[in-house]
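Participant: I have a structure here, written as C-alpha cells, and I will follow up with some questions on it.
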Amino acid sequence: ILKGIHLLPSDYALAQIEKTWSNIEASDSVLTPTQCIEALEHIGTQQSLDMLARIAEEAAGQQKYLLVPERALRAIQKVSLVGRDGWLVRFLQQNDQDRHIVLRAIDMLGMTGNRQALPIIQQFFENHPSERIRYIAFWAIHNICKATNEVWYNGEEAGSV
C-alpha cells in the first residue's frame, strides 16, 4: 500500500503514513521505515518534509533504525532544502550521530549556502576524528563562502572568484 499511497490525496496519504510510522515498533518488516520515507518523498509537500524531519530525529541514535535517519535526510534533500538549514544545524548539535548522518547533514548544509551554518561546520572541520567528515566539512565551508563570493582557506580562490 505504501508504494502507491502517494497517488491518493496527500492529506489521506499522510494520515496513513503517520499511522504506519506510529506503529513502526509493531511492524515485523525491516522495509517499513524505508517504504514510509519513500512514500513521503513522492508526496513532496511541506507536511511530508516535516514528517521526514521528525522521522530522522526519532530514528537517530537507535541501533534498530541505523540507516533510517540518513535515508530521511536524502529524501529531504531530494524534495527541498529550502528552509531546512536551521533544522539541520540543530540536528547536528544533537547527541553523537552516526557518521553517515553527519556526512549527509554537513553536505546538505554546504548546498544551502547559509552562512549561519558555518560555526557548526567549522567545528566538524577542525575537531572531528574522521578524515572523511573533515573533508566534507571543508568543501561545505568552501561552497558556502563561494556562494557569497568570499575567499576562504588561505586564499586559494584568490583571483578566481
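Participant: Step by step: first the residues of segment 1-24, then only those that are assigned to a loop (DSSP other than H, G, I, E, B) and within 20 Å of Ala59 (Cβ to Cβ), then the one that is most open to solvent (accessible area, probe 1.4 Å). Which residue is that?
Facilitator: So the residue we want is Asn23.
Each row is one residue, and each column tells you yes or no for (1) of a type in the set (A, V, I, L, M); (2) within 26 Å of Tyr135 (Cβ to Cβ); (3) out of contact with any helix residue (DSSP H, G or I) (no Cβ under 7 Å at 6 or more places or on another chain); (4) modelled with pLDDT under 90.
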residue: Ser29; (1), (2), (3), (4): no, no, yes, yes
residue: Ala39; (1), (2), (3), (4): yes, no, no, no
residue: Ala117; (1), (2), (3), (4): yes, yes, no, no
residue: Gln122; (1), (2), (3), (4): no, yes, no, no
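Participant: May I pose another question? Applying the selection to segment 52-83, what residues are assigned to a helix (DSSP H, G or I) and open to solvent by 50 Å² or more (accessible area, probe 1.4 Å)?
Facilitator: Here is the first cut: in segment 52-83, the ones assigned to a helix (DSSP H, G or I) are 52-59, 63-65, 68-79.
Scanning segment 52-83 gives Arg54, Glu57, Glu58, Gln63, Lys64, Arg74, Lys78.
Participant: List the residue pairs whose Cβ atoms are under 7 Å apart, where the first residue sits in segment 8-20 and is within 9 Å of Leu40 (Cα to Cα), the second is open to solvent by 80 Å² or more (accessible area, probe 1.4 Å), and the two are 6 or more positions apart or on different chains.
Facilitator: Here the result reads Leu14/Gln47, each pair linking segment 8-20 to a residue that is open to solvent by 80 Å² or more (accessible area, probe 1.4 Å).
Participant: Further, regarding this structure: So for segment 89-101 (the condition being touching a Leu at 6+ places or on another chain (Cβ under 9 Å) and in contact (Cβ under 8 Å) with a residue 40 or more places away in the chain), does at least one residue qualify?
Facilitator: Looking through segment 89-101, at least one residue is touching a Leu at 6+ places or on another chain (Cβ under 9 Å) and in contact (Cβ under 8 Å) with a residue 40 or more places away in the chain.
Participant: Being open to solvent by 60 Å² or more (accessible area, probe 1.4 Å) and in a helix (DSSP H, G or I) is the filter; apply it to segment 25-35 and report the residue that is farthest from Asp50 (Cα to Cα).
Facilitator: We begin by selecting, within segment 25-35, every residue open to solvent by 60 Å² or more (accessible area, probe 1.4 Å); these are 25-26, 28, 30-31.
Those left that are additionally in a helix (DSSP H, G or I): 25-26.
Details: Glu25: 21, Ala26: 23 Å.
Among them, the one singled out is Ala26.
Participant: If you don't mind, there's one more thing I want to ask. Taking segment 84-123 as the search range and keeping residues that are touching a Pro at 6+ places or on another chain (Cβ under 9 Å) and of a type in the set (Val, Ile, Thr), which one is least open to solvent (accessible area, probe 1.4 Å)?
Facilitator: Residue satisfying both the conditions and the ranking: Ile101.
Participant: Turning to a different aspect of this structure: (1) touching a His at 6+ places or on another chain (Cβ under 6 Å); (2) under 22 Å from Gln62 (Cα atoms); (3) open to solvent by 90 Å² or more (accessible area, probe 1.4 Å): which one isn't true of His42, the others all being true?
Facilitator: (2)
Participant: Mind checking which pairs have a first residue in segment 118-130 that is β-branched (Val, Ile, Thr) and a second that is part of a helix (DSSP H, G or I) and open to solvent by 100 Å² or more (accessible area, probe 1.4 Å), Cβ under 9 Å, 6 or more apart or different chains?
Facilitator: Cβ pairs passing all conditions: Ile120/Gln93.
The values are calculated or read from the model by the stated rules, or taken from the named source; none is laboratory data. Not measured: the values here are computed from a predicted model. So basically every Cβ, Gly included, is an ideal-geometry build from the backbone, and we count neighbours across all protein chains shown. When the accessible area is computed, the model is the full protein with side chains, heavy atoms only, and any ligands, DNA or RNA have been set aside. Shrake-Rupley method; radii C 1.70, N 1.55, O 1.52, S 1.80 Å.
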